[in-house]
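The values are calculated or read from the model by the stated rules, or taken from the named source; none is laboratory data. As the structure is a computational prediction, the values presented were derived from the model and not from experiment. Backbone-built Cβ (ideal geometry, glycine too); neighbour counts: all protein chains shown.
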């Protein structure tokens with residue numbers, strides 16, 4: 001069974017979503033199915049079919065979350081240090097063409113949100129950065145072509 005790396009906040013978000021699905025969404029959909037059944041003919045009952053479809057989605061998501069939580073390897077970023085890039089690091093990159101600086105934290109897949117500067121550990125850029133140190137250059141293929149970056153700062157917050 002492969003472990004899934006994630007930060008403490010990411011792990012907590014998954015647990016909260018699972019709790020909400022089990023305690024709020026699941027009972028609500030069961031009530032909706034019961035109400036739709038009371039309306040009679042199920043073959044032509046759109047509300048019943050929509051509720052059953054929603055129930056299938058909820059049950060699938062519950063199973064997915066339970067699996068991820070069971071395989072989670074929670075990494076406390078505050079206890080990490082060093083100059084090399086690894087999971088949890090906040091990395092400042094300087095684009096070698098435009099001199100534009102960007103900051104990313106390398107996080108688990110479920111935590112990734114590029115608009116908030118959280119980069120999935122499985123992304124091509126994160127894979128290129130892992131193991132590199134301040135001053136190293138990395139080249140990554142992007143949809144807009146190859147991009148070259150220089151690592152200007154590595155922090156663990």
(message) List the residue pairs whose Cβ atoms are under 6 Å apart, where the first residue sits in region 15-33 and is outside the structural domain of residue 53 (by TED's automatic domain parsing), the second is surrounded by 15 or more Cβ atoms within 10 Å (Cβ to Cβ) and in a helix (DSSP H, G or I), and the two are 6 or more positions apart or on different chains.
(response) none
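One line per residue, one yes/no per condition, for (1) buried (at least 17 other Cβ atoms within 10 Å of the Cβ); (2) within 19 Å of residue 126 (Cβ to Cβ); (3) in contact (Cβ under 8 Å) with a residue 40 or more places away in the chain:
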residue	(1), (2), (3)
47	no, no, no
60	no, no, no
106	yes, yes, no
111	yes, yes, yes
(request) Given the conditions (1) within 21 Å of the chain's Cα centre (by Cα); (2) farther than 21 Å from residue 8 by Cα, report the number of the one that residue 148 does not fulfil. (result) (1)
(request) Taking the residues in region 119-137 that are without any contact (Cβ under 8 Å) to a residue 40 or more places away in the chain and touching a strand residue (DSSP E or B) at 6+ places or on another chain (Cβ under 6 Å) as candidates, determine which candidate is nearest to residue 82 (Cα to Cα). (result) 136
(message) Checking residue 122 against (1) surrounded by fewer than 16 Cβ atoms within 10 Å (Cβ to Cβ); (2) more than 24 Å from residue 68 (Cα to Cα); (3) touching a helix residue (DSSP H, G or I) at 6+ places or on another chain (Cβ under 6 Å), only one condition comes out false. Which one?
(response) (2)
(request) For region 62-69, state whether one or more residues are over 21 Å from residue 131 (Cβ atoms), touching a residue at least 60 places away in the same chain (Cβ under 8 Å) and either in the same structural domain as residue 134 (by TED's automatic domain parsing) or in contact with a strand residue (DSSP E or B) (Cβ under 8 Å, 6 or more places away or on another chain) (or both). (result) yes
(message) Restricting to region 139-157, give me the number of residues that are assigned to a strand (DSSP E or B) and surrounded by fewer than 19 Cβ atoms within 10 Å (Cβ to Cβ).
(response) 12
